[in-house]
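Everything below concerns the one structure shown next.
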Amino acid sequence: MVESWSFLDTVESNFRPLVVIELAKGTKEETIEWFTKRIVDKKANGGAQLLIKPLVMENGVENIYLVGASHLRLLLGAETVGLVKECSDNSMRTFTYSSRKTFKDFADDNHNFLTMAECQYIIKHELENLRAKNEKMIPGYPQAKLYPGKSIVRRLLTSGILVQIFPLHDREELKKLRQSWYGRVKVGYQPLDDIRCYFGETIALYFGFLEYFTFALIPMAVIGIPYYVFAWEDYDKYVMFATFNLLWSTVILEVWKRICAILTYHWGTLLMKRQFEEPRPGFHGVLGINPVTGREEPVYSSIKRQLRIYLVSLPFVCLCLYFSLYVMMIYFDLEQWALDYHKENESNFSSLMLYVPSIIYAVVIEIMNRIYRYAAEFLTSWENHRLESSYQNHLILKVLVFNFLNCFASLFYIAFVLFDMKLLRQSLATLLITSQILNQFAESLLPYWLQKRYNRRMRKRVCSQKTDMDLSLAEQVNMEKEMGTYLGTFDDYLELFLQFGYVSLFSCVYPLAAVFAVLNNVTEIYSDALKMCRVYKRPFAEPTANIGVWQLAFETMSVISVVTNCILIGMSPQVDALFPDSKMDLVLTVALVEHLLLAVKFIMAFVIPDKPRDIQMKLAKLEFESLEALKQQQMKLAAESLKE
């Protein structure tokens, strides 16, 4: 880099607010002065070298600040975070300020070279990397201890001095995105590139996966309809359907890897280098030295963490699983009561009563899942994981295990203990449809209605004070800071994971599962788009190269579906009739077929490359050029040392 951070000016005439910082009301002046000074200070002095302005609200309170940056500062920040941009020769390369002229659409006066989401991500990165130097505490708050290298923003958050940091919406761009995304009902692809430019790669990749998964379900839905219409009670004819399902579940996950690679290469995140992970905000311990970085930071014994996991968290999860099974047995008692009631009365009302236990159980499952989620988050935080990735992995494992048992245990019990295929079909249909309705209501419709009520009250207050209907910046910030916070794609992927289980585990019993999944996902695309644009605050963009641990979760579910469908096929009368003398031969044959199908599944996963050939070649070429550049640099340094 030819230029250094010292030449940047911290004052820019065209200040563009990108990020909002809300401090707690009554924050001491010396704290505000110290924090804002660190934000605008030069990098050489340990500052972020950003721009910051106070936003005076109608009540005169100055606890909200707007953060921006000069165009030059953002370009240098893009190099710091390792953003990958498209070059003039259509290749993707890590952006450097010294080679900025080689990148496509770059011009010194083009302030749109970096998307607004990228600019906000850069500012977030710089704020999070504001670190204490020699301070022992936050000025004005002696109880908020600091030590060299500690993230200032994280300490302010954990101390309650900093309420929240969030990126501002761009009202004009958001309006355009809403119109192209869900403004009108249409058959077509989502504007994933526009979603990525506005919300970042993580959210765009989720909507890409949702769209892909919906299209992938269509063949299953098309094939399932005739099976439902013409062969409802003839389970023997579902053998071919189940076999197709097994191959389908493998192919779609492998093809998704290729599509994911294409998307993330085009977006540049496939090439981004993984950054060294810092301790997560909630991590605590005694002050020590990190042996890798040499910096002072909290140190916590891994033995204590393991004791907490195995002596507290694991027994608690097992207790929750037992409670889930206990509730399941109550559900079967209700099913038996409804069946006895129907036998005694034989009326239309009694026929409807047959579905009531399943509906009640589906509602209880959703309530238990949500309560357990809070307990799992508390336990995982209490385990005190140092890294965010470790925290997320342990949280996902806890939630997936409980949700899998809670949602599917009754279906396994009906299929392999009661051997009641009619009840299995009824329960599967009721659980699937009820859970979809509840999720749509709880995740999108209810938050949207509540937010719309709040916005209506805000607009009435604005109209009573001003004749201009356009929102000022202060009113926009005041409205957005009260909006809900989007907590990430965890719940969205979890919903798709459970849906994938309903479709794949017992497909030969209820072929219409894929049809209802398609209908739900079509509405899910619109409802999720609505909540991202209208209900929640704009989340910070987070670069990602794939869907992470969820890929493994879906692949594990597809393996389990091979086993369940093979057993269901082996239980069919037609297959059972082939082994009239020896049930052991039937069991061995089913096990052999199951192993063969698993072998075919793993062979297909191995044969289908995760990345298309052209992307593999481009990545190899970039790696070769990087090695050559490094070699040239080493030779140059060696030549200079010989001259000396």
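The values are calculated or read from the model by the stated rules, or taken from the named source; none is laboratory data. The structure displayed is predicted, hence computed values, not measured ones. Note that we place each Cβ from the backbone using ideal geometry, even for glycine, and neighbour counts take in every protein chain shown. Protein only, heavy atoms only, side chains kept; ligands, DNA and RNA dropped before computing areas. Shrake-Rupley method; radii C 1.70, N 1.55, O 1.52, S 1.80 Å.
Annotation note: Cβ proximity below 6 Å between a residue of the stretch 582-606 that is farther than 13 Å from Val563 by Cα and a residue that is surrounded by 14 or more Cβ atoms within 10 Å (Cβ to Cβ) and of a type in the set (A, V, I, L, M, F, W, C) (sequence gap 6+ or interchain) occurs for Asp585/Phe579; Leu586/Phe579. Taken over the stretch 534-547, the criterion of being in a loop (DSSP other than H, G, I, E, B) and buried (at least 18 other Cβ atoms within 10 Å of the Cβ) is satisfied by Lys537, Arg538, Pro539, Phe540, Ala541, Pro543, Thr544, Ala545, Asn546, Ile547.
Can we say Ser427 is small (Gly, Ala, Ser), under 30 Å from Ser572 (Cα atoms) and modelled with pLDDT of 90 or more? In short, no.
Residue-by-condition table, conditions (1) touching a Leu at 6+ places or on another chain (Cβ under 7 Å); (2) modelled with pLDDT under 90; (3) closer than 30 Å to Arg305 by Cα:
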residue: Met368; (1), (2), (3): no, no, yes
residue: Ser410; (1), (2), (3): no, no, no
residue: Met421; (1), (2), (3): no, yes, no
residue: Tyr448; (1), (2), (3): yes, yes, no
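Residues of the stretch 170-214 that are hydrophobic (A, V, I, L, M, F, W, C) and not in a helix (DSSP H, G or I): Val185, Val187.
Among the residues of the stretch 616-635, is any under 30 Å from Cys566 (Cβ atoms), in a helix (DSSP H, G or I), among the aromatic types (Phe, Trp, Tyr) and open to solvent by 100 Å² or more (accessible area, probe 1.4 Å)? Within the stretch 616-635, not a single residue is under 30 Å from Cys566 (Cβ atoms), in a helix (DSSP H, G or I), among the aromatic types (Phe, Trp, Tyr) and open to solvent by 100 Å² or more (accessible area, probe 1.4 Å).
One line per residue, one yes/no per condition, for (1) over 21 Å from His125 (Cα atoms); (2) modelled with pLDDT under 90:
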position: Phe35; (1), (2): no, no
position: Val40; (1), (2): no, no
position: Gly46; (1), (2): no, yes
position: Ile52; (1), (2): no, no
position: Leu55; (1), (2): yes, yes
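Is it the case that the stretch 147-168 has a residue that's in a strand (DSSP E or B), over 24 Å from Arg16 (Cβ atoms) and either open to solvent by 50 Å² or more (accessible area, probe 1.4 Å) or not assigned by the TED database to the domain that holds Asp41 (or both)? For the stretch 147-168, residues in a strand (DSSP E or B), over 24 Å from Arg16 (Cβ atoms) and either open to solvent by 50 Å² or more (accessible area, probe 1.4 Å) or not assigned by the TED database to the domain that holds Asp41 (or both): absent. Of the residues making up the stretch 599-607, not a single one is more than 33 Å from the chain's Cα centre (by Cα) and either of a type in the set (Gly, Ala, Ser) or closer than 16 Å to Leu246 by Cβ (or both). Residues of the stretch 471-526 that are over 20 Å from the mean Cα position of the chain (by Cα), part of a loop (DSSP other than H, G, I, E, B), surrounded by fewer than 18 Cβ atoms within 10 Å (Cβ to Cβ) and touching a residue at least 24 places away in the same chain (Cβ under 8 Å): Leu471, Glu482. Can you tell me which residues in the stretch 548-590 are within 30 Å of Gly208 (Cβ to Cβ) and in a loop (DSSP other than H, G, I, E, B)? Of everything in the stretch 548-590, just one residue is within 30 Å of Gly208 (Cβ to Cβ) and in a loop (DSSP other than H, G, I, E, B), namely Gly548. For the stretch 89-112, check the following and say yes or no: at least one residue is free of Cβ contacts under 8 Å to residues at least 60 places away in the same chain, assigned by the TED database to the domain that holds Leu162, open to solvent by 30 Å² or more (accessible area, probe 1.4 Å) and under 27 Å from Met137 (Cβ atoms). Scanning the stretch 89-112, I find no residue that is free of Cβ contacts under 8 Å to residues at least 60 places away in the same chain, assigned by the TED database to the domain that holds Leu162, open to solvent by 30 Å² or more (accessible area, probe 1.4 Å) and under 27 Å from Met137 (Cβ atoms), so the answer is no.
Taking the conditions (1) among the polar types (S, T, N, Q); (2) open to solvent by less than 50 Å² (accessible area, probe 1.4 Å); (3) at pLDDT below 90 in turn, Ser13 satisfies each one other than (2).
When both residues are 6+ apart or on different chains and their Cβ atoms are under 6 Å apart, which pairs have a first residue that lies in the stretch 69-87 and is assigned by the TED database to the domain that holds Glu126, and a second that is assigned to a helix (DSSP H, G or I) and surrounded by fewer than 20 Cβ atoms within 10 Å (Cβ to Cβ)? Here the result reads Leu75/Tyr97; Leu76/Tyr97; Glu79/Tyr97; Val81/His125; Cys87/Thr102, each pair linking the stretch 69-87 to a residue that is assigned to a helix (DSSP H, G or I) and surrounded by fewer than 20 Cβ atoms within 10 Å (Cβ to Cβ). Checked against (1) open to solvent by 40 Å² or more (accessible area, probe 1.4 Å); (2) within 30 Å of Val477 (Cβ to Cβ); (3) part of a helix (DSSP H, G or I), Ala599 meets all criteria but (2). Taking Leu321 as the residue in question, decide whether it is surrounded by 15 or more Cβ atoms within 10 Å (Cβ to Cβ) and modelled with pLDDT of 85 or more. Considered against the rule, which asks whether it is surrounded by 15 or more Cβ atoms within 10 Å (Cβ to Cβ) and modelled with pLDDT of 85 or more, Leu321 comes out as yes.
Yes/no per residue for (1) polar (S, T, N, Q); (2) at pLDDT below 85; (3) at negative phi:
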{"site": "Lys531", "(1), (2), (3)": "no, no, yes"}
{"site": "Arg538", "(1), (2), (3)": "no, no, yes"}
{"site": "Asn565", "(1), (2), (3)": "yes, yes, yes"}
{"site": "Val575", "(1), (2), (3)": "no, yes, yes"}
{"site": "Lys583", "(1), (2), (3)": "no, yes, yes"}
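When restricted to residues that are assigned to a helix (DSSP H, G or I), open to solvent by 30 Å² or more (accessible area, probe 1.4 Å) and touching a residue at least 24 places away in the same chain (Cβ under 8 Å), the stretch 324-369 contains 6. Looking at Ser582, Ser558, Ser572, just one residue is in contact with a Phe, Trp or Tyr (Cβ under 6 Å, 6 or more places away or on another chain), of a type outside the set (A, V, I, L, M, F, W, C) and open to solvent by less than 50 Å² (accessible area, probe 1.4 Å), and that residue is Ser572.
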